[in-house]
Amino acid sequence: MVEHNVQPGHKTKRIPIKTRNDIDLISVLYTISIFRSFIKWIVRLVSGTCELQRIVAKCKPGVRTVKLEECMYRSRHSLLRTLCEAEPDDLDASIKNVMALKGIVDDTNPRFFDTFKCCLEQIYGFDSLYCQVENLRMEAYDSKNKNHEEVLYKLWNLLQPDQPLESRISHQWGDIGFQGVDPKTDFRGMGMLGLQNLVYFAEKYTDLAKQVLLHSQHPQHGYPYAIVGINITNMVHEFMCNGLLRSHFYNRVEGRPSLDDFQEVFCYLCYEFDKFWIKSEPENVMAFGRIREEFKKTVKVMLQLVESAVLAIDQT
């Protein structure tokens with residue numbers, strides 16, 4: 001893979017906490033800095049626990065990690081802020097230092113160390129995945145690169161196994177939704193990320209991918225399959241950059257998410273967009289921009305509900 005300037009430790013935007021029971025007077029006051037320290041002091045005095053302990057003990061997975069990240073990011077202690085920003089060389093030792101700082105004892109908090117560590121690994125894993133995704137997006141498709149060409153041919157063979165490709169430069173590419181005779185020009189915005197996502201969907205969910213392709217070829221309500229897939233990659237990438245995918249990964253993956261986890265989100269959105277498109281009954285492909293924005297808003301609302309945000313194909 002080509003090396004780029006995306007550095008490990010890059011932090012994407014944090015999302016606001018928006019759980020079903022969060023909109024009340026205390027939550028509003030809590031976001032105002034002048035009240036925050038006072039409220040924390042009162043709650044600690046009454047409960048005998050610090051904010052980290054309460055989040056670990058009371059919050060569900062997913063919400064727990066989001067709230068811990070927010071708590072550390074806003075902390076007045078540099079140890080917590082630093083731990084939130086970058087992974088230390090010795091994570092276990094850093095967690096012990098946090099426990100000492102906050103007076104958290106193993107004997108009375110047996111779950112704290114492991115739970116807190118799991119949350120931190122989710123946070124670091126998300127940032128590491130962001131760098132991996134960004135590097136792949138920045139890797140331009142190169143028709144002189146044998147590996148790139150093999151991936152492109154693989155996409156054709158997965159989607160059109162009974163239809164041989166007559167030549168590399170061919171109008172046949174339009175059958176799977178590319179714009180011209182050479183697909184390389186369609187990958188300019190999303191690079192190899194766009195192609196790898198299309199191949200992952202076609203390989204992992206072959207029957208579903210072929211079903212979506214068939215729908216895209218409808219004479220009236222059709223759309224360019226590959227181009228829309230690349231556009232969906234752009235949407236998933238945007239959700240990654242603005243931090244909205246944190247809620248999904250924190251709910252779905254125990255530990256560090258991988259590129260496969262990112263591509264699973266792409267598969268889900270491709271499948272759901274196809275259903276959304278058909279239900280919308282567009283007059284023609286010119287309605288794509290409007291329908292895409294409506295679909296995007298729907299997904300965004302799902303991701304903002306942190307406690308229930310999961311984007312995964314139901315295979316039951």
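Annotations for the structure displayed:
- Whole-Hz couplings from phi, Karplus 6.51/-1.76/1.60, listed for region 237-245; x for Gly and Pro: 4, 5, 5, 5, 5, 8, x, 5, 6
- Once the 1.4 Å probe is applied to the protein heavy atoms, region 114-250 comes out at 40 Å² accessible per residue.
- Shape of region 192-255, Cα gyration tensor, a/c cut at 1.5: prolate
- Exposure ranking of 218, 148 by accessible area [1.4 Å probe, largest first]: 218, 148
- In this calculation the C-beta distance from residue 79 to residue 242 is compared with R0 = 35 Å, giving a FRET efficiency of 0.80.
- Accessible surface of residue 260, taken over heavy atoms with a 1.4 Å probe and every protein chain present, rounds to 80 Å².
- Within region 169-206: backbone nitrogen closer than 14 Å to the residue 149 label point (7 Å, Cα to C-beta): 169-170, 183-184
- Taking a ≥ b ≥ c as the square roots of the Cα gyration tensor eigenvalues, region 220-316 comes out prolate, since a/c reaches at least 1.5 and a/b is larger than b/c.
- What the Cα atoms of region 103-167 give is an Rg and a Dmax of 22.8, 70 Å.
- Figure note: 121, 149 ranked by solvent-accessible area, largest first, 1.4 Å probe, ligands and nucleic acids not counted: 121, 149.
- Ellipsoid equivalent to region 95-240 - semi-axes via the Cα gyration tensor, in Å: 44, 17, 13
- Between residue 60 and residue 90, the modelled label-to-label distance comes to 3.8 nm, taking each label 7 Å out from Cα in the direction of the beta carbon.
- Cα centroid separation, region 142-188 to region 224-287 (Å): 22 Å
- The heavy atoms of residue 159 offer some 10 square angstrom of accessible surface to a 1.4 angstrom probe.
- Protein-only accessible surface order, largest first, of 92, 107, 274 at 1.4 Å: 107, 92, 274
- Counting protein heavy atoms only, region 65-172 has 46 percent of its accessible area on carbon and sulfur, 1.4 angstrom probe.
The values are calculated or read from the model by the stated rules, or taken from the named source; none is laboratory data. All values derive from a computational prediction rather than experimental measurement. Positions of Cβ are generated from backbone atoms using ideal geometry, with glycine treated the same way; all protein chains shown enter the neighbour counts. We work out accessible area using only protein heavy atoms, side chains counted, and drop any ligands, DNA or RNA first. Shrake-Rupley method; radii C 1.70, N 1.55, O 1.52, S 1.80 Å.
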